[in-house]
There are 2 protein chains.
Amino acid sequence: GDAAAGRKKAVACQACHGLDGISKLPDAPNLAGQVEPYLIKALGEFRSGTRRNEVMSVAAKDLTDADIADLAAYYSAIEVEVVPPS
Amino acid sequence: GDAAAGRKKAVACQACHGLDGISKLPDAPNLAGQVEPYLIKALGEFRSGTRRNEVMSVAAKDLTDADIADLAAYYSAIEVEVVPPS
């Protein structure tokens, strides 16, 4: 996917997920640095209904495959550093 | 949940999710620093069957509420720093 295009499309996602991929709501997961094929799979499942969520079932309804690929490219590309657990 | 207890229980999860919460497989999401209520909800859905996944439906089958709370506490407590997207 095209991360730059994904960034523009992520404007629709930022209320819950943030443009930085850090969750803004207790129900919304962080997306920053998430595994790209996992994001593609999740968005596809929300679009097809295999996976249901009040907000995401609507948000994903009209996404094209390109939208899904671009959004997944964008959020997975956000660099995340893990501070190893003590 | 008790993150220390969660760390012990996460040994069962590390093959795919890592003890550090960084995915070891393309299908497995990162869990490090994930939103705690989201993890609790996801594990509950895998246990109840509301959400299905070949591996997770089995992995979550026998989790107790305490297991779920501890695992969510452990993985969400892993510190993650996001390098803001350029």
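Taken together, the values in this text are just the output of simple stated rules run on the coordinates, not laboratory data. A quick note: this is a predicted structure, and the numbers were derived from the prediction, not measured. Heads up, the Cβs are rebuilt from the backbone with ideal geometry, glycines too, and the neighbour counts pull from every protein chain shown.
Quick notes on this one:
- Among A:Lys9, A:Lys24, the ranking by other beta carbons within 10 Å of each residue's beta carbon, starting with the fewest, stands as A:Lys24, A:Lys9.
- Amide H contacts of B:Val80 (H built 1.01 Å from N, under 5 Å, at least 5 apart or other chain): A:Val83
- For B:Asp27, inter-copy label distances in nm, listed shortest first [label point 7 Å out on the Cα-Cβ vector]: 2.7
- Of the peptides A:74-81, B:56-63, the order by per-residue mean of other Cβ atoms within 10 Å, starting with the highest, comes out as A:74-81, B:56-63.
- Sorted from nearest, the other copies put their B:Val55 label points 2.7 nm away, the label point being 7 Å from Cα in the direction of Cβ.
- Sequence-distant aspartates and glutamates (8 or more away, or on other chains) whose Cα lies within less than 14 Å of A:Lys24: B:Glu36
- The angle between the Cα long axis of helix B:36-48 and the longest principal axis of the Cα atoms of chain B comes to about 30 degrees, rounded to the nearest 10.
- Distances between placed amide hydrogens fall under 5 Å for B:Leu31 paired with B:Ile22, B:Ser23, all partners being 5 or more residues away or on another chain.
- Charge-dipole axis of the protein assembly as shown as Lys and Arg at +1 and Asp and Glu at -1 on Cβ define it, positive-most pick from B:Gly6, B:Ala28, B:Leu43: B:Leu43
- Over all other residues within a Cβ to Cβ distance under 10 Å of B:Arg47, the charged ones net out to -2, with Lys and Arg as +1 and Asp and Glu as -1.
- Spatial separation of Cα centroids for the range A:1-63 and the range B:1-77, in angstrom: 20
- 0 to 90° range, to nearest 10: angle between helix A:65-77 axis and chain A longest Cα axis: 10
- Each listed q (0.16, 0.19 Å⁻¹) maps to a log10 I(q)/I(0) for the protein assembly as shown, found by the Debye formula over equal Cα scatterers with no solvent: -0.93, -1.32.
- Estimated 222 nm signal from helices in chain A, with DSSP H stretches of n ≥ 4 weighted -39500 (n - 2.57), rounded to 500: -14000 deg cm²/dmol
- Taking N as its residue count, the alpha carbon Rg of the range A:3-77 over 2.2 N^0.38 Å: 0.96
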